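Heads up, the thing below is written out as structure tokens.
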Amino acid sequence: MARPVRWLRTAPQAVHEHRSPERARRVMKIGIIGAGNIGGNLTRRLTALGHDVSVANSRGPHTLTELAEETGATPVTVGDAARGAEVVVITIPVKAVPDLPSGLLDGAAEGVAVIDTGNYYPQQRDGRIAAIEDEGLTESRWTERQIGHPVIKAFNGTYAQDLLERPRPAGAPDRMALPVAGDEESAKAKVRDLIEELGFDTVDAGGIDDSWRQQPGTPVYGLRAGVDEVAKALEQASPERPAEFRA
């Protein structure tokens, strides 16, 4: 059952403000849950930028020794990944989200921003999720309900290798832009600043109920382009979920 068309409250737009060097250099404690392609490369990039990164996966800290030795990140259990964190990245299969520990974010820093990189692939991996298929929930709204905390949707349409190979300085003509959706403006701003520190521009994709615009099968999903093209792709999205991404 398709979602009704719900237009963005404001047109997608980039933030054209300059961060102070002090803000850009501030070290944050970041927890990453999931050490696959996206989680692993975010661990590599964020530790290289000097952030204090803890990383967890479903198999336990002992399986993350190699990544920890490579990056200097701290391998932890999933239950400890958010402890003291200002930013938590959840980058696991959608079907695994309900298995996350209860109270996962209880020990996180006040005002923690939670990034959801997930995509719903019902035919390929996740099986049918009724709330997404029948109620028309966006994938990230469903994730919010599972973890009991607002999320910011980002990196879900980003190729993992691009995190290593495509960062560019601000103003570079070939600098990529990534869409970012979320309801909490302070958390969204924190995430956008972090993405810009990683070497990418950002485009405000609206709230979580608008985040269908960047789900699989939309024009912006996997798009390697700048701010104007990403904003245009978001505007061109259809709320009708493509057949290959329905159960």
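The values are calculated or read from the model by the stated rules, or taken from the named source; none is laboratory data. Quantities reported herein were computed from a predicted structural model and do not represent experimental measurements. Cβ: placed from backbone, ideal geometry, glycine included. Neighbour counts: every protein chain shown. Accessible surface is based on the protein model in full, side chains and every heavy atom, while ligands, DNA and RNA are left aside. Shrake-Rupley method; radii C 1.70, N 1.55, O 1.52, S 1.80 Å.
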Taking the stretch 184-204 and keeping only residues that are under 16 Å from Leu234 (Cβ atoms) and either at pLDDT below 95 or open to solvent by less than 40 Å² (accessible area, probe 1.4 Å) (or both), one is left with Lys188, Arg192, Ile195, Phe200, Thr202, Val203, Asp204
Unmet criterion (only one of (1) closer than 24 Å to Val230 by Cα; (2) exposed (fewer than 15 other Cβ atoms within 10 Å of the Cβ); (3) in contact with a Lys or Arg (Cβ under 8 Å, 6 or more places away or on another chain)) for Gly127: (1)
What tally of residues in the stretch 171-183 results from selecting those that are over 29 Å from Trp212 (Cβ atoms) and either in contact with a helix residue (DSSP H, G or I) (Cβ under 6 Å, 6 or more places away or on another chain) or aliphatic (A, V, I, L, M) (or both)? 1
Of the numbered conditions (1) in contact (Cβ under 8 Å) with a residue 12 or more places away in the chain; (2) over 30 Å from Glu110 (Cβ atoms), Glu165 fails exactly one; give the number of that condition. (1)
Find all pairs meeting these conditions: Cβ atoms under 9 angstrom apart; at least six residues apart or on different chains; first residue within the stretch 56-80 and free of Cβ contacts under 8 Å to residues at least 40 places away in the same chain; second residue of a type in the set (Phe, Trp, Tyr). none
From the options Gly118, Gly50, Gly103, residue that is closer than 19 Å to Gly207 by Cβ and outside any strand (DSSP E or B): Gly118
Scanning for something open to solvent by 10 Å² or more (accessible area, probe 1.4 Å) and of a type in the set (A, V, I, L, M), does the stretch 146-160 turn up at least one residue? yes
Residue match in the stretch 235-247 (condition: free of Cβ contacts under 8 Å to residues at least 40 places away in the same chain and of a type in the set (S, T, N, Q)): yes
Residues of the stretch 16-37 being open to solvent by 70 Å² or more (accessible area, probe 1.4 Å), closer than 16 Å to Asp52 by Cβ and modelled with pLDDT of 65 or more, which ones? Arg26, Val27
Matching entry among Ala181, Ala177, Ala170 (being among the aliphatic types (A, V, I, L, M) and surrounded by fewer than 20 Cβ atoms within 10 Å (Cβ to Cβ)): Ala170
